[in-house]
Every structure is written in C-alpha cells, then in structure tokens.
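We did not get these values from a lab; they are worked out from the coordinates using the rules stated. Please read these numbers as outputs of a predicted model, since none were measured by experiment. Cβ sites come from the backbone with ideal geometry, for glycine too, and all protein chains shown count toward neighbours.
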Amino acid sequence: MKKTQLISSSKHYLHLHHHLKPHHKPLTTTTITPDDLITKLTTTDDWTNLHEQITSLPQQSILQIAKQFNTSSKAFKFFNFIKNPSSPTSSFVFQTVLQLATREKDPNFITNLYKISKEMNVSLTPISAIIIMKHLFHVKTVQECVKLYDGLNPDGKTVDVKNVLLDLLLKCHRFNDAHQLLDEMLQPDGKVLANEMTLNVVFPVLLRRDYGKEWEKFVDLLPRFGVLGVFPNSVWLTKLVTKLCRSFRNDKAWELLSELMKFGKVEAAPCNALLSGLGKERNYERINLLLKGMKENGIKPDVVTFGMLVNHLCKARRVDDALDMLKKMKDGTDGIVIKPDVILYNTLIDGLCKVGRQEEGLELMKQMMLDDSCVPSVVTYNCLIDGFCKSGEVERGQELFDQMSENGLDPNVITVNTLVDGMCKHGRIGNAMEFFRKMQEEKGIKGNVVTYSTLISAFCTVNNIEKAMRLFDEMESVGSPDALAYYSLISGLTLAGRPDDASVIASKLKKAGFRMDITIYNTLIGGFCRRKKLEKAVELLKEMEETGVKADGVTYNTLISYFSKNGDFESAYKFLKQMIIDGHVPTVITYSTLIHAYCLAGNLDEALNIYEEMLISSKIPPNTVIYNILIDTLCKRGKVEHALTLMESMLQKDVRPNTTTYNAMFKGLSSQNKLRIALRLMDQMTSQSCNPDYVTMEILNDWLSAVGETEKLRKFVQGYQVSSVASNA
C-alpha cells in the first residue's frame, strides 16, 4: 500500500481497533508472546484480534515492536493501529515513523506526518520536534518552525530542541529572535540552560560573518556562558579576537578577554591575538595591562607572545627594550624560561639592522647558533645583508651571501633583490647586473618585478636608456611588469628628454590593465613641456579629465610655467584661473613662475603688479626667489633705488637675502658707482654670515680695485666691517 493511501485512510485506522475488537468472548484464549507478535506484525498484514494484546503490553515492548518495521509505511500503519493521541507510547511510535521517513529521505511523507500530528494532537517528542523543524526549514520557512516550537509542551522544549531552533534562526538571520532565545538559555536560574552544543551553534556564526551591532550583541553574551561553566576552545576564541582586532574593535576584544579571564579558562593564544591588535595601534599602555592580567590569572606567555612583543618593540625602534626581553625569556626572570626560536631572533636582528646596528645583529646571529643551537635561516641572512647594504657596506653584504651559500642555504629572490638594490644605490650598477645574471645561470633565480624595476630605474638614473629598455623587454618575456616598472621607465625616458618614447610605454601600461595616476601624468606633461611640445601636454591634460584623474597643483604649475616662459601669457592665465576653480590655491611657485616669465619677456611692470597682488590679496608671502628675480631685473634696468626699496621690504618681512640677492645689488650699484651703499651692504652681508661666492668677488674686485679700495675688499673677505672707513664716493 502506498504512503499516500495510508495517510488518506488514517481516519479508518482511528476506528480500526473498534472493528477488530471482539463482540463476544472467544471460545479459546491463545497466549502470544511479544516475539510472536513481532513476527506476525512484521511478516503479515493480518493483524486481526491483535489490538487488545498489543495495547496490553508494556510501553517498552510496544516501542520494541515499532522499531522492528523496516519501512516508514509499515511503522505508520502500526502507529494508527495502536494509536492513542494522549498516550506517551503513541508519541514515541510516531517518532519511530519520522526517523524511518528521514532515513528514507521522503520529504513529502514527513510533511504529511506533521499535518497528521496537528490534526490528531499527537504530543511530539523532542526528537520528533527536531526532525520536523529541520524538515520545515528546508521546505518552508523558519516561521513554521517557531510555531511548532511554541506549540510544544514545556517538557518538550529541551536544550537540544532549543539549540536546533537557535541554529535555524541564526541561519535565517533572525538575530533578534535568536538573541532572545539565547538570552533565556543563559539565565542562571532558567529551567533549560545553554550547553556546549549551544556554543557550537553560536560560535561558527560569529566567526563566519560580521553583522554589525546585531553581531556584537552575541559577542556580549559569550561571558555569560562562563557562568554556566561553558567555555569556547582556545582556537575559536583566538579566531574571534583576531576578527575583532582586524575590524578595528580592539576595545570589544579587550572587554571580551577581560571578562573571560575571570573564569581562569583563557590560554595564551587569544591573548597573543589581542597583543597583535594592540601592537598595531601602538597602545603600549594596554599591552602592559594585558601582560599584567595574564600574569595575575596564571596565563603563561609562550614564545609567540614574546615574539610579538619583541616585534612591536622593534617596530617602535625600542631595540634595547627588545634585547632586554630576550634576556628575561632566557633567564626566566618572570619565572618562565622560554627558549627563543629562529623567528624571534630574526625579528631582533632585523630590528637592529633597521636602526643601523647591523654589527650587533651579526653578533646576535652568532650567539643564537652557540647558545641556543638555533640554525639561521635565509631570512636571518637577508636581514643582515639588507642592513649592511643600506649602510653602504655592500662588500660585507656579499661576504654574508657567500657565508650563507657555504652553510648550505640557497638564496631566494629577496636575497638577490637586496644585493642588487644595494649595489645600484651605491653606483655599482654593472656589478649588480653581473650578479643578477650569475644568479640566473647558477641558481635558477629568474628575478621578479622588483629585481627588474630596480635595475631599470638604476640604468635610467645614469641615462643608459637603451639598457633600461632591453631589461623592460626581457621583463615582459619573464612575467608581467608591475606599475613600478612602468613608472621607472616612463620617468627615466622623460628625464632623458624622450617624452614620446615615455608616452609609448604609458600606452603599454594602460593595455596591461594599469591605471595612469597623477604622478605619471605630471611626469609626462613636464617632459613634453621641457621639449616645448606644449600641445602634447594639453592633450594629456584633456585625457586626464576624460579618465577621471584630477589635475593637482603640480600639473597647473608646470603648465603655467612653460606657457608663460613661451610668452603665451593668455594660456598661462587660463590655467591659473582653472587652477583656482578646481580648488587649488596658487603657491609661491605659481607666482614666482609668472613673475620670472614677465621679467624675461621684458614686462617688468606686470611682474611688479603680481608681486603687489601677492602682498595684498594672497596669503602667501613672496620668498627669496621672487625678491631675487625682481631685484636682479630692476638693477639690470637701472632702477637701483627701487631694488634697494625691495630689499628693505624683504628684511622687514623676515625674508633673508642670500648671496644671489647681494650679487644683483652689487652689480647694479657698481653700474652707478654707489660705493657707500655697496660698503653698507658688504657690512650687512658680513653680519648676516652670508658668505660671498666667486661672482661676488669678481664684481667687487673689479670695482674696488678701480677706485683704490682693495683694503676694504681684504677686510670684507676676512669678515671685518668696512663701512667705518668708507669714502664719500
């Protein structure tokens, strides 16, 4: 018979016992044992005259019979045969039917069984409730599960049932309902209390995703598990603390660990996770408090704890404190002797090298081998090689490289990059190239984008563009160049006066999927401007706007400078206006560029107008460069008195004249033979400790020798005052 037929005829089974019940006493009575009943029920469909004998059996025997059926259909037939909705026996037989249906993976049958349980008011056992809730979750909504739960009698709402409902609520993101249920389970005086399984339900959700404030509410509930004697394992707690710290919730992680420490169940690992978070924000006060709390609560720090502390101290350049910590570890000053590992030694050695104490780092490596039998790794040597190369001791770096090979350690690409960079920065580009080729041939180290970018940049610096281009082509065959490699070549070609070639590389950069940034655009614009290809520079500016890269002050200053120097003041002012519209304040460079251009173009009046505008409307005061440009131009035009006035204004505004300022004035004064003023300026120059250069000496020597004042020149050179003996010339 099909299951649907069984269910549709369930009303027939409701009255089956009435039809099977005898109306008169049988002539003979045959006693049937439970085993005989099981055999008859499971092997035949003729259950006539069995109802009274079955229902008279103990509950355990009836359940034993129910478990003998190998299909849910037969078990369901038996349930209807003996069913009494108010009987606990019926509830357990119904549970057996559900278990078989689950095993048979028949969701429709389970759905219909749930309907029948409601129609017949079958009291569901906790296991039955769990089976149906899980089934409903997959085929309907969690709301039906909540209804089922609410309809259970109090005894049926066991911790297992609550845990299943909690899990389903969390999976459906019904956090308010889940929080309320969990809060009930965490009440110390509650009837049904949370257990380890409850924690197993909650914790994976906390580790899997972050749901903001709702998520934090569950974190706040975790210490309450401790009151019930339930604690998360160290791995889970460490992951949660790490997640909190990475989400910039160090305060929340601090509160959680502080509460859990009170139960004495926290280990070193989660504390290490919090130390890492506190170290990143350099909260040394809390680091010390956490270490104190660990000690008070008997949490023994491990090598990872000390390693992290040493790392943070080294990053803060407190290397001596880090060395003291190493000594305490080894000596057991705090009652705990911990043998440092190679990672901790590497951290310390790197810290020493970063502050220029590579010799001490080298000694520490020797100590780690002698005292702790700790074998240095490639990282150890890389730290030392980097330290010596950065201090200019490339030979020492190479010696360590050779020692590393002798000790059986193969260099990696970082080792190669460190030495290549050190050689290039100290003018040994040929050696760097030779070393790189040797590593390719002998060690099979192909190099990476860092290797090639370093070499390309170095060859561009010495204007060996062809070599840089060949390396770039080689790099493309080995692997994809990165943005740094492109920028190095673009910058090198631009500085070498080859902006068109640089533009070709920029096109390759875009095809490779990289985005041109403001630095690259400014480099190219400056390159085209220097080659007087101003139309190309304007095209790049238009391209910038189209790609959403906004011009900055450098962009506008470059364009203003070169257009004004080219005599195109109309365009220069157009860019100045656009610069202000875009929210960039003109700088002293902007003004000095325009003033210089007007002076070169012979328009001194306009240059002076811009100077006056700076004084009146701009918040940027003129600097020495601007004063020098104007003073030099005024003196060349014979307007020495005006130049002297500017120089006095310069002093009033605390802008210090330099040798260039005085040279321009001396030249102007000499053209008009104003010796007394020149001698006063010589004294002023001496009092300001402004040293003359060869231009000063050339001007004054020719002039003072011609008027017979060589003694004054001698005293001036020796740093003495000269105007006290000045003539009336």
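If the only charges are +1 at each Lys and Arg Cβ and -1 at each Asp and Glu Cβ, what is the size of the charge dipole of the stretch 551-620 around the Cα centre, to the nearest 20 debye?
So the dipole magnitude of the stretch 551-620 works out to roughly 140 debye.
Would you mind checking 83/147; 328/354; 533/565; 217/252 for any pair whose Cα atoms are more than 19 angstrom apart?
Violating the 19 Å Cα-Cα cut-off are 83/147; 328/354.
Starting with the fewest neighbours, write out 438, 508 ranked by other beta-carbon atoms found within 10 Å of each beta-carbon.
On the way: 438 12, 508 15.
Lowest count first: 438, 508.
Can you bin the stretch 161-247 into rounded, prolate or oblate? Criterion: square roots of the alpha carbon gyration tensor eigenvalues sorted a ≥ b ≥ c, rounded for a/c under 1.5, prolate for a/b above b/c, oblate for the rest.
Since a/c reaches 1.5 but b/c is at least a/b, the shape of the stretch 161-247 is classed as oblate.
Among (i) 44, 35, 25; (ii) 41, 38, 28; (iii) 89, 34, 28, which is the computed semi-axes √(5λ) of the Cα gyration tensor in Å?
(iii)
Between residue 246 and residue 221, what FRET efficiency follows from the Cβ-Cβ distance if R0 is 25 Å, with the result rounded to 0.05?
On the way: r = 21 Å, r/R0 = 0.85.
About 0.70, to the nearest 0.05.
In debye, nearest 20, what is the charge dipole magnitude of the chain about its Cα centre with +1 on Lys and Arg Cβ and -1 on Asp and Glu Cβ, if you could check?
Numbers: 88 positive and 84 negative charges, 430 e Å.
It works out to roughly 2060 debye.
Using the 10 angstrom Cβ neighbour count as an exposure proxy, how do 665, 133, 120 rank, fewest first?
Fewest to most other Cβ atoms nearby, the residues stand as 120, 133, 665.
If you keep only loop residues by DSSP, which GluC sites (Glu not before Pro) in the stretch 72-180 have at most 10 other Cβ atoms within 10 Å of their Cβ? Don't skip to the answer; put the middle values down first.
Values: sites: 104, 119, 144; in loops: 104.
Here no GluC sites (Glu not before Pro) fit, given the DSSP loop and packing criteria.
Once you order the gyration tensor axes a ≥ b ≥ c over the Cα atoms, which shape class does the stretch 628-723 get: rounded for a/c under 1.5, otherwise prolate or oblate by comparing a/b with b/c? Don't skip to the end; give the middle numbers.
Details: a/c = 1.86, a/b = 1.28, b/c = 1.46.
Here the stretch 628-723 falls in the oblate category.
Quick one: order 426, 312 by neighbouring beta-carbon count within 10 Å, fewest to most. Kindly include the intermediate steps, with their values, before the conclusion.
Working: 426 15, 312 22.
The order, fewest Cβ neighbours first, is 426, 312.
Run lengths n ≥ 4 of DSSP H only: what is the helix-derived mean residue ellipticity at 222 nm for the chain, with -39500 (n - 2.57) per run over all residues, to the nearest 500?
Helix-only estimate at 222 nm: -22000 deg cm²/dmol.
In the structure shown, do any of 115/157; 536/619; 508/542; 511/550; 636/712 have a Cα-Cα gap over 27 Å, and if so which?
536/619, as the Cα separations exceed 27 Å there.
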